[in-house]
Ligand SMILES: [Zn+2]
C-alpha cells in the first residue's frame, strides 16, 4: 500500500499500487483510483510524506 494524495480533490488515501518501477519517474502497476474523482493519471496524484517513506523503503529493498 502506498499513501497518495489526489491533486484534484486533495484527498489522501492508501492505494494498492502493485509493482513500482523506479525510472525517470515512478510507474505503478495498477491505475490509481480516487473515490471522488475516479481513475487518476500520475499527473493527478502525488505521494504524501508517508507515501514517499513507503516507496523509498521499497526502493532500498530492491537494491539489495
Ligand atoms: Zn480526488
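Only the coordinates and a few stated rules stand behind these numbers; no lab work does. Since this is a predicted model, take the numbers as computed values, not measurements. No Cβ is skipped: glycine too gets one built from the backbone with ideal geometry, and neighbour counts run over all protein chains shown.
A few remarks follow.
- Enumeration of residues in the stretch 16-45 that are touching a strand residue (DSSP E or B) at 6+ places or on another chain (Cβ under 8 Å) and more than 23 Å from residue 63 (Cα to Cα): 31, 32, 33, 34, 35, 36, 37, 39, 40, 42, 44, 45
- The chain holds strands (runs of 3 or more DSSP E) entirely within its bounds, and those carrying 2 or more residues that are within 16 Å of the ligand (Cβ to nearest atom) and surrounded by 13 or more Cβ atoms within 10 Å (Cβ to Cβ) map to 2-6, 12-15, 32-34, 45-47.
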